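*Asks:* Okay, handing you the structure first.
Read-outs throughout are calculated quantities, based only on the coordinates presented, and are distinct from any laboratory measurement. Note that the structure is predicted; figures quoted are calculated from it, not measured. Note that we place each Cβ from the backbone using ideal geometry, even for glycine, and neighbour counts take in every protein chain shown.
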Amino acid sequence: MKKIYLLILLFFLSITAFCQVTINPNPFEVDESITITLNINSTATDCNGFNNPSKVYIHSGVGDASNPWIHVVGNWGQDDGVGEMTNQGGGIWTITFVPQTYYGLNASQAANVVRMGMVFRSADGSQELKASGCQDFFFDVGTFQVSLTSPTDETTILTSGSDLSITATNIGGSANYTLSANGNVIDSQLFTSNYSFTDTNVTENKNYELVATLDGTTITRTFSVLIDPGSNIGIMPTTYQDGITYIDDNTAVLVLYATGKDFVYLAGSFNNWQPDASYAMKKDPTRNNKFWIELTGLTPGQIETYQYWVADKTPIANSPTLVKTADPYSTLVLSPFDDPYIPATTYPNLPAYPTGQEREVTVLQTGQTPYNWQVTNFNKPKKEDLIIYEVLIRDFDADRNYQDLIDRIDYFKNLNINAIELMPVMEYEGNESWGYNTSFHMALDKFYGTEDKLKEFVDVCHQNGIAVILDVALNHAFGRSPMVRMWMDDPDGDGWGEPSSDNPYFNQVAQHSYSVGSDFDHSNPRTKDYVKRVVKHWIEEFNIDGFRWDLTKGFTQSCENNEGCTNQYQQDRVDVLKEYADYSWSLDPDHYVIFEHLGSENEEKEWANYRYDEGKGVMMWGKMTDPYNELTMGQNGNKNINGIGHNSRTSFNGPRVVGYPESHDEERLMFKNLAYGNTTNGSHNVQDLNTALSRMSALAAVSVMVPGPKMIWHFGELGMENSIFTCNNGTVNLPGGSDGDCKLDTKPQPQWANNWISDALRGQIYSDWSRLHALKINEPVFEGEYTMTSGDYTPRIDIFDTNIPSTELRNVIILANFDVNTQNVNTNFPAGVTTTWYDLMDPTGNTTVANSTTSLSIAAGQFRILGNKPAAALSIDDHELLGFNIYPNPSHTSFSVNLNVSNIEVYDLTGKKVKAFYGDFTKEDTFDISTLNTGIYIVKVENNNKQTMTTKLIKL
């Protein structure tokens, strides 16, 4: 009885899967009206689906047998009505159209259409429905259809001299068939619906094309044969590395690790993508059966492209016989999926993807001109002084490329940050992504620009004292990765899949509870070799100063489907991450190693304290978003911000916590200020934009100023209020909505489009943060110790270093008021330090507080930062001198200078010169600024002694 029930169940499931998408009529002609019906209740998909969408769109295309997506209709993620289906109720959605009209086909194009492909999505594209196995839905077009019955595989492996049987059938009437091999006709048969032919004594690799014609309609089926080259043993020199080894301008050696595979051919532009026996790679049994080949006669500087054709004559169940793949160690890959959408302005002269190929190919080029580094001995900022600016290049500026960052270098410099952390830039799937769906860890994603342009950005940063840190996702890889595809489970045969049981790099099931993509097995020596090559590449080729290691909780082999285990101490994870840190430091002794672990102290201390006495030690991400947001909102939740610094980790030897109130992963503080801020005081309503902005300077004072490395998320310094769930079209889809959230969507650019830097309130945040950053970096006291009192609206931070002479700045007190009402804050000055405390936000040093003062009145959302001495680090420019000022300031129309000066220049806060006055001037002269927009500017002057002086000007 159980067996009968199982058969009935399997039959029911197969019918359900088949009926998920239907076309009526079927078969159908391209000029015939059809109705496509989708039943979202019959979910025959194992990786995606719908969750009560308010709208359903069909994204579809038609084409030939090899590519059903030649003519495509649909704008992914856009709720524009193109492809919108009709809700018939009960989970049934339909759309009716005539294919020739719908896809805009002319007569010639319509005649060549034989296949239709489709997927379904929610309005914003966050939900997607595909067929079982996560492949697209496909349907034949036309009442004339051809089925190739033999061979059954796209590629057949034969022993040299074997025969190949070719059979096909068609419906619609008797057709004419022509069979070609490598471009030469080898058989023709007329007026038959059952084709049969045997190609005998096949001794070379062949590409076949079977063409069937009926009543002017032509259908083509393609397939190929690879000849097993047999034993092809060769011992290679130990100096050859995986991937490409350039021998000279005419010679390169390619090496591929492909354990368990029988043979590998190298196909590429150099053999017209038709490799013969001379391109069968040798196998070296002394090097883990690596395959290798030497290419000679290459033209220096000429772009070549290639793939490995990896064959397994007896694959395990559901694994392919042949995989065509790019090199796992590619430094530049071409993609048929992504490259057509990369602007030429971002990547000039992008090599063309080779016609007739599929999936990624690797670029090889001998005789490349090396980048001419201007800075070859960059001294990294101290870990204790780091102020890291986290950037998603896609959302930083309008062109979404490295040039945008280069053009804004003065913006970074004037903000006084000393490190920029780029979210992943390695080749990832798609273009407009966060980058964590990496597939080639050594290749640069071309959507942001060229290799030389990234190197230029690093070089320019180093010229300006700014380190560059890369966010690297080495916990996992995604399905385009050659290391996934060479050993994959691919039951539907579409060339994509998840790791199979014989994959030497990946776990079939993630060994932690936060999995994305395919989970690397970091206990495997091959995985370790790969990771170290990635580390070496970016340090040595790009002069990268540090890595932020994403999702380090995933570097264990012990916690399958167990969140509790994942968050507990795991010795294997501790050891392998120490090994990777050691390798980084072996290449660059001062390399920054930062882990996004967000875990328990008993494990994090192992890395934070590791080799600390040598000046190393791993830095740990310290997320403090929630309590800081309670402060900025003025609300009553947990406001304990002690975790921003290392003193909250009692087992840490020193400042190795990269504390932050904001990051790419968390909701914007300003968004929540406006949505949920305290409204009890009508004159200080936190849900009012101007009021909320006025509180953001105090945020920096009580976060970034705490000793130890800190991080800010781009445009927090301008009070960015757009939710991280903002969609492409500017709407906000919060989590839990019917159409899903828009967290990964490309964001609008109001900070530049609306010139926020010139806005008085936003510009003030930028100016205040800049001043605070300068103090943090330049004043040694901020490398000292601290105590913190927090948990209410008035946090206090005392920073001190008793090793600094009392004649210098050695004591700092930070007081803030995040209430919505003015508060009298107890000063509680430490006895015996000084009789006068100096306001460190005043670059003139003239604002002071007497030691006898028992309390300070601090307005809602404001702060005071006091020191025992004035700060030596003055304002935005290190050359600013006391005694210089301009008046009136603020000013509506003009200003004067209190000294005899020349060469007056006015800059906006991005570093752009907007006014200049040249000559010999006295304090009686005035300088017209009536044409400038309202905002904050930097005025730079030169006196008769050639001394440069700067100050801020507020234009009203």
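*Asks:* Using per-residue counts of other Cβ atoms within 10 Å, averaged over each peptide, order 613-623, 346-356 from highest down.
*Replies:* 613-623, 346-356
*Asks:* If each residue's Cβ is checked for other Cβ atoms within 10 Å, how do TYR676, TYR907 rank with the fewest at the top?
*Replies:* Taking fewest neighbouring Cβ atoms as first place, the list is TYR676, TYR907.
*Asks:* Restricting to bridges with both residues inside the range 886-955, how much of the DSSP beta-bridge set is antiparallel, in percent to the nearest 5?
*Replies:* For the range 886-955, the DSSP antiparallel bridge percentage is about 95.
*Asks:* Let me ask something additional. I'm a student and want to see the number: the projected area of the Cα convex hull of the range 199-314, averaged over all directions, in nm².
*Replies:* 9.9 nm²
*Asks:* Evaluate E = 1/(1 + (r/R0)^6) for VAL72 and ASN272, where r is the Cβ-Cβ distance and R0 equals 25 Å; express this FRET efficiency to the nearest 0.05.
*Replies:* That pair, VAL72 with ASN272, gives E of 0.30.
*Asks:* Please report the antiparallel percentage of DSSP beta bridges with both residues in the chain, rounded to the nearest 5.
*Replies:* The antiparallel fraction comes to roughly 80 percent.
*Asks:* Grab the beta carbon distance between ASP494 and ASN778, set R0 = 56 Å, and tell me the FRET efficiency rounded to 0.05.
*Replies:* 0.45
*Asks:* Quickly rank 809-815, 887-893 as a protection proxy: mean count of other C-beta atoms within 10 Å, highest first.
*Replies:* 809-815, 887-893
*Asks:* Holding the Cα-Cα limit at 23 Å, pick out from LYS55/LYS743; LYS532/LYS553; LYS528/LYS743; LYS380/LYS616; LYS455/LYS747 the pairs that are longer than that.
*Replies:* As for pairs spanning more than 23 Å Cα to Cα, those are LYS528/LYS743; LYS455/LYS747.
*Asks:* Which part of the range 849-864 falls in the paramagnetic zone of ALA831, meaning amide N under 15 Å from the point 7 Å along Cα-to-beta-carbon?
*Replies:* 852
*Asks:* Return the whole-Å distance between the Cα centroid of the range 625-656 and the Cα centroid of the range 800-838.
*Replies:* Each part reduced to its Cα centre gives a spacing of 20 Å.
*Asks:* Compute the label zone of ASN728 within the range 49-82: residues whose backbone N is under 11 Å from the point 7 Å along Cα-to-Cβ.
*Replies:* In the range 49-82, the label zone of ASN728 (backbone N under 11 Å from the point 7 Å along Cα→Cβ) covers 74-80.
*Asks:* Percent relative contact order of the range 728-821, based on C-alpha pairs within less than 8 angstrom and at least six residues apart?
*Replies:* Computed over the range 728-821, the figure is 16 percent.
*Asks:* Now for a separate question. Take the Cα pairs of the chain, get the Kirkwood Rh, then feed it into Stokes-Einstein at 25 °C and 0.890 mPa s and tell me D in µm²/s.
*Replies:* Translational D for this selection: 77 µm²/s.
*Asks:* Any lysines with Cα under 30 Å of the LYS915 Cα? List them, leaving off those in the same chain fewer than 8 positions away.
*Replies:* List returned: LYS413, LYS923, LYS940, LYS946, LYS952, LYS955.
*Asks:* Between LEU856 and THR789, what length in nm is gained on full extension when 0.36 nm per residue of separation is reduced by their alpha carbon distance?
*Replies:* 22.4 nm
*Asks:* Still on this structure, I have one more. Enter the angle in degrees (range 0 to 90, nearest 10) between the Cα long axis of helix 760-778 and the first principal axis of the Cα atoms of the chain, meaning the one along which they spread out most.
*Replies:* Relative to the chain, helix 760-778 is tipped by roughly 80 degrees.
*Asks:* Given labels modelled 7 Å from the Cα in the Cβ direction, how far is it in nm from SER162 to THR35?
*Replies:* Computed distance between label sites SER162 and THR35 equals 4.9 nm.
*Asks:* Please report how far the C-alpha centroid of the range 886-907 lies from that of the range 128-195, rounded to the nearest whole angstrom.
*Replies:* Each part reduced to its Cα centre gives a spacing of 81 Å.
*Asks:* Nearest 10 degrees is fine. How inclined is helix 525-542 to the longest principal axis of the chain, computing both from alpha carbons?
*Replies:* Taking Cα atoms only, the helix is inclined about 50 degrees.
*Asks:* Okay, next question. Please report the equivalent ellipsoid semi-axes of the range 566-679, computed as sqrt(5 x eigenvalue) of the Cα gyration tensor, largest first, in whole Å.
*Replies:* Working through the eigenvalues yields semi-axes of 32, 14, 13 Å.
*Asks:* Run the numbers for SER513 and GLN463: contour at 0.36 nm per residue of separation, minus the present Cα-Cα distance, in nm.
*Replies:* That pair, SER513 and GLN463, stretches by 13.8 nm at full extension.
*Asks:* I need to check one value: relative contact order of the chain, counting alpha carbon pairs closer than 8 Å and at least 6 residues apart, in percent.
*Replies:* The normalised contact order for the chain reaches 7 percent.
*Asks:* At most 13 other Cβ atoms within 10 Å and a DSSP loop assignment: could you name the trypsin sites (Lys or Arg not before Pro) in the range 71-176 that fit?
*Replies:* Here no loop site has a sparse enough neighbourhood.
*Asks:* Please work out how much length the chain gains when fully extended from ASP64 to VAL185, using 0.36 nm per residue of separation minus the C-alpha to C-alpha distance, in nm with one decimal.
*Replies:* Residue separation times 0.36 nm, minus the Cα-Cα distance, leaves 41.5 nm.
*Asks:* Sort 228-240, 99-111 for me by packing, meaning the mean count of neighbouring Cβ atoms within 10 Å per residue, highest on top.
*Replies:* Ranked by mean Cβ neighbours within 10 Å, highest first: 99-111, 228-240.
*Asks:* If each of ALA916 and ALA111 carries a label point 7 Å out from its Cα toward its Cβ, how far apart are those two points in nm?
*Replies:* For the pair ALA916/ALA111, the computed spacing is 6.6 nm.
*Asks:* Given R₀ = 45 Å, what would the calculated FRET efficiency be for ASP502 paired with ASN754, taking r from the Cβ atoms and rounding to 0.05?
*Replies:* 0.20
*Asks:* Restricting to Cα pairs below 8 Å that are 6+ residues apart, what does the relative contact order work out to for the range 145-228? Please round to a whole percent.
*Replies:* After rounding, I find 36 percent.
*Asks:* Next question. Each label point is 7 Å from the Cα along the Cα-to-Cβ direction; what then is the distance between the points at TYR569 and PHE97, in nm?
*Replies:* So the two model labels end up 6.1 nm from each other.
*Asks:* Relative to the longest principal axis of the chain, what angle (0 to 90°, nearest 10) does the C-alpha long axis of helix 2-19 take?
*Replies:* Approximately 80 degrees, to the nearest 10.
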